[in-house]
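Enquirer: My structure is below; once you've seen it, I'll send some questions.
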Amino acid sequence: MTTTAPPPAAPPAARRRRRRTTSDTGLSRVFRWLSTGAGALILLVLAAVAIFLLIEAWPAISAGGDELSARVSWFPEDANLVTFVGPLVFGTLLAAALALAIATPLAVGIALFISHYAPRRLASALGYVVDLLAAIPSVVYGLWGALTFAPLVYPVWDWLASTLGWFPLFAGPASQPPRVMLTVAVVLAAMILPIITAVCREVFLQTPRLHEEAALALGATRWEMVRTAVLPFARSGIVSASMLGLGRALGETMAVLMILSPGTLYSFAVLQAGQQQTIAANIAAQYPEAPPLGVSTLIATGLALFVITMAVNMAARAIVARRKDFSGAN
Amino acid sequence: MAQRIDVKDLNIYYGDFLAVEDVSMTIEPRSVTAFIGPSGCGKSTFIRTLNRMHEVIPGARVEGTVAMEGVDLYGDEVDPVAVRRQVGMVFQRPNPFPTMSIKENVLAGVKLNNKRISKSDADALVESSLRGANLWNEVKDRLDRPGSGLSGGQQQRLCIARAIAVKPQVLLMDEPCSALDPISTLAIEDLIAELKNDYTIVIVTHNMQQAARVSDRTAFFNIAGTGMPGKLIEMGDTATMFSSPTQQATEDYISGRFG
């Protein structure tokens, strides 16, 4: 172990180019190696996943469209891998974006209520409830969505289609039973709501008292105080929270699989069945009966999901970093 | 626009705990009134009752009256938000909004009070407020940079500019120089001397020389012991308070023989 290393180890360390400002011996050194190791491990895992996906997907990537459709029963005729993955990517992004659009405003509202409006006792009770929601397995959400929520929600979807049908998103007729994208999006929103709410709540509670009082002393109402002091301070935190939610929505499998009637179109019609499918649900649906090349194709779609998730996260970080000077961290 | 404040029989509570007991005083318009006293004697608590910031803390409340030109700030129909728009406040630690530029910071209060302001009016107000806070020359070339990038003393003057931009009647300062170096402190003190031509100023300070330098009247608060309420011991012209106070406790405190 490094703790028992004899003193002669020191001279080479002293010759290192980077100047060390703190003495780094004993436990301190152990901790440094532990944290460096943990940091390196996450990179290793990420690289391993990427390599695994690439290697396993390679047969499908290198095979032509004709070969794929000849050897994989569910692979469409006259398609190649790109035209096969395209609609799945579209469906995945649509489901996640809709879920996020529903969940984020709601989560910010709930978190603000808990952190700045609710009486203290109610706030902590609500906090527990939100945390409990996060502990429900996704298959339960899927069951609830398919068996309870979908039948209940049909009249609403029908009304949406008949009144707002001119808007492409709500083009009718609404399918009955409503095993449609909007139902999925609502269930996904319910699933990602707790994590977004919990993170937002923590961030809102971190707002410096000093800044809240600065706003109040200028004659701000409660809402104005939230708007001038709390929300700007929490902006990057809200983005991070949404990204956590988005990651879960992008990869969610069971709930989508159990609710959505799949299709492979580039369609915005979220009230009609048989229009879209997500990558994760497609993998789960096709995997059990897939031949080797089929598995490889599915893994290629998984690779696409991996790339999307990374791209979305990097984009979010870029957005947060753009106004770094104004973050209050300096 | 400066106004006079009459405080009568004011008891200040945190929940059931009586923090400051039975304060009565008059704060004259267009003058500087300094509150001095040992830590924990309730002077900061008291100053926060003058703009109803005290009640922001859960469970905090007051009994008695604080009247500005005869109108009780704690009357039933008085909106605390309206009170705070008339009584500006500068805090112990500089607290410009970190997510806003220097310009946005100055305009923050104005944007709350009457949402719309033309660009030329806004620019004029930013300049006059920053000039009023003796900060214009230092920041005029970087109005769009974040306020948190300024030095501590500049930040505090930015906070003063932000407070006077809404043209309050009264300006409260809770130890405005305690986090600043002597040069920044001097800049703020000069500023206070100018501001008193237009505003009623109340300042809490731990620095007795500062109280002697900037104030016209001084109030001395003291506390009998831990857990006891703070009290106003005496109040008078600053010159008198520092030369011949009527109370022994005041004399002990200002001469450093406290205890």
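The values are calculated or read from the model by the stated rules, or taken from the named source; none is laboratory data. Predicted, not measured: the structure shown is a model, and the values here were computed from it. We place every Cβ from the backbone using ideal geometry, glycine too, and count neighbours over all the protein chains shown.
Enquirer: Which one of A:VAL130, A:VAL140, A:VAL108 is farther than 17 Å from A:THR301 by Cβ and surrounded by fewer than 15 Cβ atoms within 10 Å (Cβ to Cβ)?
Expert: Residue meeting the stated conditions: A:VAL140.
Enquirer: Quick one: B:LEU130 ticks every box in (1) within 14 Å of chain A (Cβ to nearest Cβ); (2) surrounded by 24 or more Cβ atoms within 10 Å (Cβ to Cβ); (3) touching a Phe, Trp or Tyr at 6+ places or on another chain (Cβ under 8 Å) bar one, so which box is it?
Expert: Here B:LEU130 meets the rest and fails (1).
Enquirer: Only helices (runs of 4 or more DSSP H) wholly contained in the stretch A:209-264 count here; list those with 3 or more residues that are within 14 Å of chain B (Cβ to nearest Cβ), in contact (Cβ under 8 Å) with a residue 40 or more places away in the chain and not acidic (Asp, Glu).
Expert: Those helices (runs of 4 or more DSSP H) span A:231-251.
Enquirer: All but one of (1) within 14 Å of chain A (Cβ to nearest Cβ); (2) more than 25 Å from B:GLU28 (Cα to Cα); (3) touching a Leu at 6+ places or on another chain (Cβ under 9 Å) hold for B:PHE97, so report the exception by its number.
Expert: Of (1) within 14 Å of chain A (Cβ to nearest Cβ); (2) more than 25 Å from B:GLU28 (Cα to Cα); (3) touching a Leu at 6+ places or on another chain (Cβ under 9 Å), only one is false for B:PHE97: (3).
Enquirer: Sticking with this structure for a sec: Out of (1) surrounded by 22 or more Cβ atoms within 10 Å (Cβ to Cβ); (2) touching a Ser or Thr at 6+ places or on another chain (Cβ under 9 Å), what's the single condition that is false for B:CYS159?
Expert: Single failed check for B:CYS159: (2).
The rows are residues; the columns are (1) free of Cβ contacts under 8 Å to residues at least 24 places away in the same chain; (2) assigned to a helix (DSSP H, G or I); (3) more than 24 Å from A:MET181 (Cβ to Cβ).
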residue: A:ALA57; (1), (2), (3): no, yes, yes
residue: A:ALA60; (1), (2), (3): no, yes, yes
residue: A:SER69; (1), (2), (3): yes, yes, yes
residue: A:ASP78; (1), (2), (3): yes, no, yes
residue: A:THR92; (1), (2), (3): no, yes, no
residue: A:ALA97; (1), (2), (3): yes, yes, no
residue: A:ALA107; (1), (2), (3): no, yes, no
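Enquirer: All but one of (1) modelled with pLDDT of 85 or more; (2) out of contact with any helix residue (DSSP H, G or I) (no Cβ under 8 Å at 6 or more places or on another chain); (3) not β-branched (Val, Ile, Thr) hold for A:LEU169; which doesn't?
Expert: Unmet for A:LEU169, out of (1) modelled with pLDDT of 85 or more; (2) out of contact with any helix residue (DSSP H, G or I) (no Cβ under 8 Å at 6 or more places or on another chain); (3) not β-branched (Val, Ile, Thr): (1).
Enquirer: Quick one: in the stretch B:182-210, which of the residues that are of a type in the set (Val, Ile, Thr) and outside any helix (DSSP H, G or I) is farthest from B:ILE254 (Cα to Cα)?
Expert: First, pick out the residues of the stretch B:182-210 that are of a type in the set (Val, Ile, Thr): B:183, B:185, B:188, B:192, B:200-205.
If we keep only those that are outside any helix (DSSP H, G or I) too, we end up with B:200-205.
Working: B:THR200: 24, B:ILE201: 22, B:VAL202: 19, B:ILE203: 17, B:VAL204: 15, B:THR205: 13 Å.
Looking at residues that are of a type in the set (Val, Ile, Thr) and outside any helix (DSSP H, G or I), I get B:THR200.
Enquirer: Can you find, within the stretch B:211-228, the residue that is farthest from B:LEU191 (Cα to Cα) among those that are modelled with pLDDT of 90 or more and in a loop (DSSP other than H, G, I, E, B)?
Expert: Of everything passing the filter in the stretch B:211-228, B:ASP216 is farthest from B:LEU191 (Cα to Cα).
Enquirer: Has the stretch B:124-137 got at least one residue that is touching a strand residue (DSSP E or B) at 6+ places or on another chain (Cβ under 8 Å) and either assigned to a helix (DSSP H, G or I) or under 24 Å from A:PHE233 (Cβ atoms) (or both)?
Expert: No, the stretch B:124-137 contains no residue that is touching a strand residue (DSSP E or B) at 6+ places or on another chain (Cβ under 8 Å) and either assigned to a helix (DSSP H, G or I) or under 24 Å from A:PHE233 (Cβ atoms) (or both).
Enquirer: Let me ask you something else. Identify the residue in the stretch A:265-297 that is without any contact (Cβ under 8 Å) to a residue 40 or more places away in the chain and among the aliphatic types (A, V, I, L, M) and, among all such residues, is nearest to A:ILE55 (Cα to Cα).
Expert: The residue in question is A:ILE283.
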